[in-house]
Amino acid sequence: MMIDAEVVTLSRLQFALTALYHFLFVPLTLGLVWILAIMESVYVMTGREVWKRMVQYWGVLFGINFAMGVATGVTMEFQFGMNWAYYSHYVGDVFGTPLAIEGLMAFFLEATLVGVFFMGWERISRVQHLLVTWFLALGTSLSALWILVANAWMQHPAGAAFDPQTMRMEVTSFAEVFFNPVAQDKFVHTVSAGYVLGSMFVLSISAWFLLRGRNVDFAKRSMTVAASFGLAAALSVVVLGDASGYSVSLNQKMKMAAIEAMWHTEPAPAAFTVVGIPDTRARTTHAAIKLPWVLGLIGTHSIDQTIPGIAELVEDAKARIGQGLKAYDAMLALRRNPDDAQAKAVLAANGQDLGYALLLKRYADDPRQATPAQIQQAADSTIPNVPVLFWAFRIMVGCGFYFIALFALSFWKASKRRLDTQRGYLRLALWSLPLPWIAAELGWIVAEYGRQPWAIEGVLPTALGVSSVSAGQVWSSLGGFVLFYTALAVVDALLMLKFVRKGPDGLGIWPPAQPADAH
Amino acid sequence: MFDYTTLRLVWWALLGTLLVAFAIMDGFDFGVAGLLKLLGRDNEERQVLLEGIEPTWEGNQVWFILAGGATFAAWPVLYAVSFSGLYLAMFLVLLAFILRPVGFNFRGKLRDPRWASLWDWVLVLSGVVVMLVAGVAFGNLFLGLPFRFDGDLRMSWQGGFLDLLHPYALLCGLVSLSMLLAHGACWAALKADHAIAARAVRIARWATLAFAVLYVLAGIWLAWGIPGYAVAGPAVTDGASNPLYKQVAVGGSWFAGYLQYPGFWIAPLAALLAAVAVQALVGRRGVGGFVASSVMVGGTIASAGFALFPFLLPSRLDPRSSLTVWDASSSRGTLELMLGATVVFLPIVILYTGWVYRVMRGRVTLADVRKSHGGY
């Protein structure tokens with residue numbers, strides 16, 4: 001059965017939109033919840049009421065955001081089945097497990113405790129409430145861990161093999177799936193990015209209070225927490241970003257080459273192109289400014305290993321398509337006769353390239369009948385969108401270094417008790433608010449768009465993963481998402497603005513309307 | 001540890017358990033939401049009802065998320081076929097699940113009564129949609145769904161959203177709706193201010209009566225009006241998960257299983273006896289009525305699952321493509337690991353869920369609502 005190209009395009013668009021939208025809320029939840037946990041810890045240790053009120057004020061904003069995160073997260077779980085049914089069948093045996101464990105181990109924890117966090121202040125002791133907050137924070141980060149284990153498997157499908165009887169990938173080693181090195185780097189990089197974002201949120205809004213001369217003590221305390229937590233997180237993002245880059249260069253050579261717009265293999269150690277204009281048609285980068293050695297050092301952590309360029313990787317893909325076709329033929333033979341020993345041997349030898357034969361399904365009904373021109377087309381299709389990746393990556397990294405600088409400055413100012421002495425600094429902190437969101441979204445674009453044309457790197461082409469639904473059906477759901485998500489975004493933004501404007505003073509949170517409890 | 005056959009049976013039971021847990025735990029939230037305008041006559045009364053579910057609904061909803069995730073992991077092809085085949089129905093349910101969290105959270109954020117009323121309607125509609133669609137979908141399982149697989153196990157589906165609205169499926173939708181409204185009303189009788197609880201008792205009685213009548217009707221229709229499916233020839237219970245390896249005979253009875261395993265009768269009997277118990281107990285406005293309605297919900301879902309056994313998703317287009325317990329599961333290793341994870345984590349989940357319910361126990365009164373500033 002031929003795949004409907006329109007359904008593929010629409011399903012990808014819908015997935016990209018809903019996933020990027022979901023990730024507007026996730027990192028804020030991830031970061032803000034730890035800031036709440038830190039503030040509440042100070043409250044329990046010192047007994048000073050203002051820290052409790054800080055938890056309650058930032059908690060209101062956390063709650064609005066948390067609801068949006070939960071609402072848009074359900075979409076992600078539905079969408080694999082609704083729009084990517086063949087993907088779900090083909091890899092569910094491996095990919096479903098971390099998602100299910102996420103529900104069992106993490107999401108249950110955070111969702112069950114969030115109600116007590118908001119409504120349990122009067123019903124449980126201080127220490128109990130602090131524990132609830134800590135477990136809530138732990139739940140959110142654990143949740144990210146399992147989702148990223150699943151995502152890392154899409155980038156680096158370790159610990160699984162194809163079974164011709166069930167026509168799907170099946171787990172051979174859960175240890176390899178769970179302790180996937182890509183997952184470890186991705187997890188720390190992603191949650192740290194969330195911690196940076198949460199810190200920026202608190203830093204920027206507090207800076208706005210200081211600019212207005214409102215809630216001064218409240219804002220300074222909040223900024224101090226944000227600056228310390230943010231600095232540690234910003235350092236961690238960049239260090240683990242480097243580790244992530246290293247694992248990409250090991251496992252996803254094409255993504256690496258595309259990010260660097262490295263059209264041809266260079267002698268080691270390769271230079272890093274700081275900026276330039278990648279030209280997809282001519283396969284060259286114009287006006288490139290290069291730093292010698294740097295890419296080789298980042299990508300291989302050595303000075304003598306080469307990083308393959310795009311042209312060489314396309315040739316490599318072509319060779320793998322050839323081997324994949326042998327595996328494909330053996331797979332069909334095994335479907336006719338499960339005991340065909342010769343076919344079993346061929347599949348065992350070439351099975352890791354089966355996915356490359358599946359790339360041809362976009363061009364030919366039966367991959368074995370593909371013409372050399374179609375094989376070339378399929379090999380060329382393994383090149384992701386170079387200019388987009390090149391720029392997305394550079395903007396993200398630029399933001400990352402900027403965050404280190406800003407949080408270091410904030411940390412220094414906080415330790416000198418000079419947070420509110422310079423309006424220029426406060427404005428800078430305020431206007432930096434959108435940057436972590438931009439960096440986080442670009443990070444996902446690099447990771448996911450950079451993996452194209454694969455849904456599972458080297459195993460399952462994205463186009464094959466779609467459901468057998470009609471374009472009309474996907475149009476209606478896509479339209480529905482655009483409509484509802486836009487409306488929710490407007491409501492969310494208005495409510496956030498309202499509660500920021502009101503501030504702890506306007507809401508009667510601090511200073512308290514009645515005299516505060518002294519202890 | 002276990003052989004493949006046993007693991008598949010265990011996971012069939014676990015899938016059922018998760019669905020029942022979802023229907024009991026989140027079902028009363030949906031029921032209360034669906035009755036919001038009927039039970040709560042003004043904004044304050046509706047606030048009482050909502051505060052009775054607000055601290056716990058979010059955790060309750062995870063039973064659904066978990067049922068979905070576990071289906072993805074343990075029954076991947078079932079997840080793939082049901083979610084993509086029932087595309088628009090699933091999208092409707094998804095919209096309800098998107099709107100509920102924001103509805104609960106945003107409703108109290110502005111003082112304008114029109115704002116609260118807007119979100120009240122959102123909650124009512126999202127509750128009713130999920131309760132109805134869940135039943136309609138279940139009903140369609142007995143009618144068979146229009147899908148088939150090709151050799152690559154790529155599924156194709158012939159039919160649209162409107163084809164799901166067969167009268168029998170609609171009847172099942174009403175069974176589900178009346179059952180969960182009754183269940184929600186039992187919760188309100190237990191949790192809400194006495195003025196509202198009295199109303200909830202009356203609604204619970206009527207809804208339970210409607211449920212019992214519709215449920216028996218659906219059973220009679222199923223026994224005499226709808227052909228059953230059966231796996232032809234000896235069932236291979238530990239073979240590779242490929243639905244195309246078997247043959248299926250259509251034309252038997254969906255009650256064949258009940259004749260073969262008389263123990264199955266426990267489920268429908270429990271559902272009906274529990275319906276009687278709801279009538280007797282709900283007036284006391286205690287835990288008894290709610291426990292009874294929980295048994296009613298569990299018995300109903302189990303009775304449908306037993307009738308279908310060993311089928312999960314019958315296909316009327318190409319009966320051979322039907323999914324059964326024996327050919328739609330994950331690999332043995334995955335089932336084993338997932339079972340281990342469930343055995344370790346589920347008791348922990350139940351433990352802290354129990355703690356949260358204990359912390360948040362007690363009736364929500366009108367006085368409470370006037371004191372608080374609108375939940376969170």
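The values are calculated or read from the model by the stated rules, or taken from the named source; none is laboratory data. Everything numeric here is computed off the predicted structure, so don't read it as measured data. With ideal geometry, Cβ positions are generated from the backbone for all residues, glycine too; neighbour counts draw on all protein chains shown. Heads up: the accessible areas ignore ligands, DNA and RNA and are worked out on the full protein's heavy atoms, side chains in. Shrake-Rupley method; radii C 1.70, N 1.55, O 1.52, S 1.80 Å.
From B:VAL343, B:VAL369, grab the single residue that is open to solvent by 30 Å² or more (accessible area, probe 1.4 Å) and aliphatic (A, V, I, L, M). It would help to see each step written out before you state the result.
Values: B:VAL369 fails: open to solvent by 30 Å² or more (accessible area, probe 1.4 Å).
Criteria check complete, one pass: B:VAL343.
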query: Out of all the residues in the stretch B:324-342, which are within 17 Å of A:MET105 (Cβ to Cβ), more than 9 Å from chain A (Cβ to nearest Cβ) and more than 22 Å from the chain's Cα centre (by Cα)?
result: B:GLY340
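Residues are listed down the side, and each one gets a yes or a no for (1) modelled with pLDDT under 95; (2) in the same structural domain as A:LEU464 (by TED's automatic domain parsing):
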{"residue": "A:ASP353", "(1), (2)": "no, no"}
{"residue": "A:LEU358", "(1), (2)": "no, no"}
{"residue": "A:TYR363", "(1), (2)": "yes, no"}
{"residue": "A:THR371", "(1), (2)": "no, no"}
{"residue": "A:VAL388", "(1), (2)": "no, yes"}
{"residue": "A:MET396", "(1), (2)": "no, yes"}
{"residue": "A:ALA405", "(1), (2)": "no, yes"}
statement: Note on the stretch A:230-246: residues at pLDDT 95 or above and open to solvent by 40 Å² or more (accessible area, probe 1.4 Å) are A:ALA232, A:LEU235
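Return the residue satisfying two criteria in turn: it lies in the stretch B:84-99 and is among the small types (Gly, Ala, Ser) and farther than 17 Å from B:TRP57 by Cβ, and of such residues it is farthest from the other protein chains (Cβ to nearest Cβ).
B:ALA89
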- request: From (1) more than 7 Å from chain A (Cβ to nearest Cβ); (2) open to solvent by less than 10 Å² (accessible area, probe 1.4 Å); (3) within 13 Å of A:GLY103 (Cβ to Cβ), pick out the condition that doesn't hold for B:TRP63.
  value: (2)
message: So for the stretch B:188-199 (the condition being within 14 Å of chain A (Cβ to nearest Cβ), farther than 30 Å from A:VAL466 by Cβ and either at pLDDT 95 or above or surrounded by 24 or more Cβ atoms within 10 Å (Cβ to Cβ) (or both)), does at least one residue qualify?
response: yes
task: Could you look through the stretch A:9-43, keep only residues that are open to solvent by 20 Å² or more (accessible area, probe 1.4 Å) and under 12 Å from the mean Cα position of the chain (by Cα), and pick out the one that is nearest to A:TYR485 (Cα to Cα)?
output: A:TYR21
- request: Enumerate the pairs (first residue in the stretch A:426-455 and closer than 25 Å to A:MET256 by Cβ; second residue anywhere and part of a helix (DSSP H, G or I) and β-branched (Val, Ile, Thr)) with beta-carbon separation below 6 Å, excluding pairs fewer than 6 apart on the same chain, so at least 6 apart or on different chains.
  value: A:PRO436/A:VAL196; A:LEU442/A:ILE395; A:PRO453/A:THR462; A:ALA455/A:THR462
query: Is it the case that some residue within the stretch A:168-176 is at the interface with chain B (Cβ under 10 Å from one of its Cβ atoms), in a helix (DSSP H, G or I) and touching a residue at least 40 places away in the same chain (Cβ under 8 Å)?
result: yes
field: Filtered residues of the stretch B:140-155 (kept if open to solvent by 20 Å² or more (accessible area, probe 1.4 Å) and more than 15 Å from A:MET167 (Cβ to Cβ))
entry: B:LEU141, B:LEU143
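Scan the stretch B:100-112 for residues that are open to solvent by 10 Å² or more (accessible area, probe 1.4 Å), touching a helix residue (DSSP H, G or I) at 6+ places or on another chain (Cβ under 6 Å) and more than 7 Å from every other protein chain (Cβ to nearest Cβ) and jot them down. It would help to see each step written out before you state the result.
Filtering the stretch B:100-112 for residues open to solvent by 10 Å² or more (accessible area, probe 1.4 Å) gives B:107-112.
Pick out the ones that are also touching a helix residue (DSSP H, G or I) at 6+ places or on another chain (Cβ under 6 Å) and you get B:107, B:109.
If the condition is that a residue be open to solvent by 10 Å² or more (accessible area, probe 1.4 Å), touching a helix residue (DSSP H, G or I) at 6+ places or on another chain (Cβ under 6 Å) and more than 7 Å from every other protein chain (Cβ to nearest Cβ), then B:ARG107 is the only one that fits.
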query: Quick one: in the stretch A:74-103, which of the residues that are facing another protein chain (nearest Cβ under 7 Å) and among the β-branched types (Val, Ile, Thr) is nearest to A:GLN473 (Cα to Cα)?
result: A:THR75
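Kindly establish whether A:LEU197 is part of a helix (DSSP H, G or I), at pLDDT 95 or above and within 16 Å of the chain's Cα centre (by Cα). Break it down into steps so the answer makes sense when it comes.
On the way: part of a helix (DSSP H, G or I): yes; at pLDDT 95 or above: yes; within 16 Å of the chain's Cα centre (by Cα): yes.
Here the answer is yes, as A:LEU197 does meet what is asked.
Those residues that are more than 7 Å from chain B (Cβ to nearest Cβ) and more than 20 Å from A:VAL116 (Cβ to Cβ), I need them from the stretch A:43-71; list them, please. Before the answer, list the steps.
So the first thing to find is which residues in the stretch A:43-71 are more than 7 Å from chain B (Cβ to nearest Cβ), and the list is A:43-62, A:65-66, A:69.
Within the stretch A:43-71, A:MET45, A:THR46, A:GLY47, A:ARG48, A:GLU49, A:VAL50 qualify.
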- request: Go through A:MET45, A:MET39, A:MET54 for me and flag whichever is of a type outside the set (Gly, Ala, Ser) and without any contact (Cβ under 8 Å) to a residue 12 or more places away in the chain.
  value: A:MET45
task: Within the stretch A:123-145, identify whether any single residue is small (Gly, Ala, Ser), on the phi < 0 side of the Ramachandran plot, surrounded by 24 or more Cβ atoms within 10 Å (Cβ to Cβ) and over 21 Å from the mean Cα position of the chain (by Cα), and answer yes or no.
output: no
query: Do any residues in the stretch A:315-334 that are in the same structural domain as A:GLN352 (by TED's automatic domain parsing) and part of a helix (DSSP H, G or I) have Cβ atoms under 6 Å from those of residues that are open to solvent by less than 70 Å² (accessible area, probe 1.4 Å) and hydroxyl-bearing (Ser, Thr, Tyr), where the two are at least six apart or on different chains, and which pairs are they?
result: A:ALA317/A:THR382; A:ARG320/A:TYR356; A:ILE321/A:TYR356; A:GLY324/A:TYR356
- request: Answer yes or no as to whether A:MET262 is at pLDDT 85 or above and part of a helix (DSSP H, G or I).
  value: no
field: Criterion (farther than 20 Å from B:TYR168 by Cα and either surrounded by 20 or more Cβ atoms within 10 Å (Cβ to Cβ) or at pLDDT 95 or above (or both)) met by exactly one of B:SER331, B:SER253, B:SER315
entry: B:SER331
field: Contacts under 7 angstrom Cβ, first residue in the stretch A:492-506 being on the phi < 0 side of the Ramachandran plot, partner of a type in the set (Phe, Trp, Tyr) and part of a helix (DSSP H, G or I), 6 or more apart
entry: A:LEU495/B:PHE106; A:PRO504/A:TYR57; A:PRO504/A:PHE218
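Name the single residue, out of those in the stretch A:366-392 being open to solvent by 50 Å² or more (accessible area, probe 1.4 Å), part of a helix (DSSP H, G or I) and in contact (Cβ under 8 Å) with a residue 40 or more places away in the chain, that is farthest from A:PHE272 (Cα to Cα). Show your work before the answer.
Taking the stretch A:366-392 first, the residues open to solvent by 50 Å² or more (accessible area, probe 1.4 Å) are A:368-369, A:371-373, A:376-377, A:380, A:385, A:388, A:391.
Subsequent filtering for residues that are part of a helix (DSSP H, G or I) retains A:368-369, A:372-373, A:376-377, A:380, A:388, A:391.
Among the residues that remain, those that are also in contact (Cβ under 8 Å) with a residue 40 or more places away in the chain are: A:368, A:376, A:380, A:388.
Values: A:ARG368: 40, A:GLN376: 29, A:ASP380: 24, A:VAL388: 17 Å.
Out of the qualifying residues, it is A:ARG368.
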